[in-house]
Amino acid sequence: MSLDIGLDPLTHEVLSRADDSPIVLYLETFTGLDDALEAAGTDRIEVSRAGRLDSDLGVDEREVVIVMAAAAVHSYVQAREDLDSVRSAFRRGEFRTGFIRKDVREALARE
């Protein structure tokens with residue numbers, strides 16, 4: 001199981017699937033989310049374990065980790081609601097482990 005985050009900072013469209021987004025971040029490798037995950041009480045290792053159905057996590061523990069990850073994603077996205085804050089995150093390298101469509105990458109690189 002993979003946990004993907006889809007962002008569209010240019011149009012703010014609501015997309016039905018994360019991989020339809022011009023920016024796709026993979027929760028298990030998304031280092032930009034580390035502080036928010038820690039504040040929520042988990043980390044990327046636990047999130048990765050929760051996403052592996054063959055892990056030793058029980059159903060209840062898996063649910064708790066996924067809920068904490070969702071809270072972290074919410075916190076992260078809320079802090080980056082406008083294009084300027086998304087640009088800043090991009091410039092800090094927070095999206096380097098994700099996929100960014102070429103036109104969006106160029107728009108984020110502009111001043």
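Here, each number is a calculation from the coordinates, and none is a lab measurement. All figures in this text were calculated on a predicted structure; none of them were measured in a lab. Please note: Cβ atoms are built from the backbone with ideal geometry, for glycine as well, and neighbour counts cover all protein chains shown.
Share of pairwise Cα-Cα distances greater than 17 Å in region 27-79 is 27 percent (whole percent). Pairs of alpha carbons in region 14-111 separated by more than 21 Å make up 37% of all such pairs. Modelled label positions at D54 and T29, each set 7 Å beyond Cα in the direction of Cβ, lie 2.0 nm from each other.
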